């Protein structure tokens with residue numbers, strides 16, 4: 001049976017906007033799908049001046065936990081939960097002109113859950129709001145003003161529960177290359193820093209592929225980080241029982 005962690009979420013999620021009087025809105029239609037472990041496709045949103053971004057979203061499931069990720073033109077990233085049925089709303093004011101990237105991300109879903117599809121409309125409207133003091137956004141290291149030159153990094157260590165005990169890991173970035181140590185002694189699964197691997201970064205995750213073995217580390221903040229590993233009939237998925245991981 002699929003194990004789910006769900007938040008009551010309205011089928012239509014609104015980012016409320018406070019547009020300047022008489023200003024014209026810009027609308028972009030979006031669609032896509034996301035899985036239990038990562039985000040959907042990126043949607044480019046052009047912002048000519050400081051604006052409020054408003055999103056109306058319809059999901060194929062009316063009750064599912066998800067996050068909205070907004071990446072700025074200089075590599076800054078913010079992520080926020082979808083608005084609940086109680087009438088609460090989430091808004092995002094942006095203060096730098098440029099092209100933003102918006103994605104809908106899965107959150108706390110069981111590994112065997114099917115993908116969730118969505119359709120929506122993103123509206124940008126000029127705003128008179130000013131930046132809040134403090135509470136800065138999470139910055140991804142970048143070179144100049146382009147996402148194509150971003151350097152991604154990951155670091156962390158800890159353990160995840162398995163059917164037979166625990167699996168331990170350590171991950172770090174050395175000269176731009178990800179090095180992973182992963183041991184599940186009882187299952188006979190071992191990856192060392194000398195193992196030849198491929199690395200795929202998601203919005204807040206990194207997947208290390210060593211032959212047929214895939215280990216995904218998901219940065220969800222304090223006490224919510226997850227690890228998902230699989231190869232053949234071997235499956236491990238869960239929140240870390242100790243340690244943590246940071247994906248930049």
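Could you tell me the center-to-center distance, by alpha carbons, between the stretch 51-71 and the stretch 149-183 in angstrom? Rounded to whole Å, the Cα centres lie 30 Å apart.
Let's test the formula: R0 of 35 Å, r as the Cβ-Cβ distance of residue 130 and residue 163. What FRET efficiency results, to the nearest 0.05? Given R0 = 35 Å and the Cβ-Cβ separation, E is 0.10.
I need the calculated FRET efficiency for the pair residue 28 and residue 63, taking r as the beta carbon distance and R₀ as 35 Å, to the nearest 0.05. Once the sixth-power term is evaluated, E becomes 0.85. Note on residue 192 and residue 50: the extension gain reaches 46.4 nm, defined as 0.36 nm multiplied by sequence separation minus the Cα-Cα distance. In terms of its Cα atoms, the stretch 154-247 spans 34, 30, 17 Å along the principal axes, sorted from long to short.
With the simple model of a label 7 Å out from the Cα in the direction of the Cβ, residue 201 to residue 239 spans 2.7 nm.
Quick note: the coordinates plus some simple rules give every number you see, no bench work behind them. Everything quoted here is computed from the prediction, not taken from an experiment. We place every Cβ from the backbone using ideal geometry, glycine too, and count neighbours over all the protein chains shown.
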